[in-house]
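The values are calculated or read from the model by the stated rules, or taken from the named source; none is laboratory data. The structure presented is a predicted model; accordingly, all values stated were derived computationally and were not measured. Glycine gets a Cβ as well: all are built from the backbone with ideal geometry, and neighbour counts include every protein chain shown.
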Amino acid sequence: MKHADDRALDLLTGLLTTLRTIDGLKEKKRGIFYRKGQAFLHFHEDPGGLFADLRQASNWERFPVNTSEEQAQLVDRARAKTSEI
C-alpha cells in the first residue's frame, strides 16, 4: 500500500481541513501530521480505496476514509488521542 499522492489527497480536502483544526497536530507535509514531534497520522491509497494510519502507542491503526462517516470516525479518534496526556 503506497502513501497517498496529491491526487488522492485532493479527494480528502475537507478531511484535511478539519484535521488541521485539531490542537496539538502539526502538518509537516501535506497529509502527514505529527504530534509532539512524532509521526501521528498519514494516508495511504490502494485499489480498495483511501486509508489513514493513526498512531496508537507504538503501533498504527488503519481507518478507511472513503465516506463522510468513515472520515468523521477518524476525526473523532484523532481528537480523542490528542487530548490524552
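A few comments on the model shown:
- Taken over the stretch 24-40, the residue count meeting the criterion of being assigned to a strand (DSSP E or B) and farther than 15 Å from T13 by Cα is 8.
- Verdict on R62 being of a type outside the set (D, E), in a helix (DSSP H, G or I) and out of contact with any Lys or Arg (no Cβ under 7 Å at 6 or more places or on another chain): no
- Residue count, the stretch 41-60 (criterion: among the acidic types (D, E), more than 19 Å from K29 (Cα to Cα) and either surrounded by 13 or more Cβ atoms within 10 Å (Cβ to Cβ) or touching a Ser or Thr at 6+ places or on another chain (Cβ under 6 Å) (or both)): 0
- The stretch 6-27: number of residues that are surrounded by 12 or more Cβ atoms within 10 Å (Cβ to Cβ) and at negative phi: 12
- Picking from residues in the stretch 64-81 that are polar (S, T, N, Q) and in contact (Cβ under 8 Å) with a residue 12 or more places away in the chain, the one that is farthest from K26 (Cα to Cα) is N66.
- Test result for I85, assigned to a loop (DSSP other than H, G, I, E, B), farther than 21 Å from D6 by Cβ and either of a type in the set (S, T, Y) or modelled with pLDDT under 95 (or both): yes
- When the residues of the stretch 61-82 are filtered to those that are surrounded by fewer than 14 Cβ atoms within 10 Å (Cβ to Cβ) and among the hydroxyl-bearing types (S, T, Y), the one that is nearest to K2 (Cα to Cα) is T67.
- For the stretch 23-32, the set of residues classified as among the hydrophobic types (A, V, I, L, M, F, W, C) and in contact (Cβ under 8 Å) with a residue 40 or more places away in the chain consists of L25 only.
- Criterion violated by L50 - all others in (1) assigned to a helix (DSSP H, G or I); (2) over 10 Å from the mean Cα position of the chain (by Cα); (3) closer than 18 Å to H3 by Cβ satisfied: (1)
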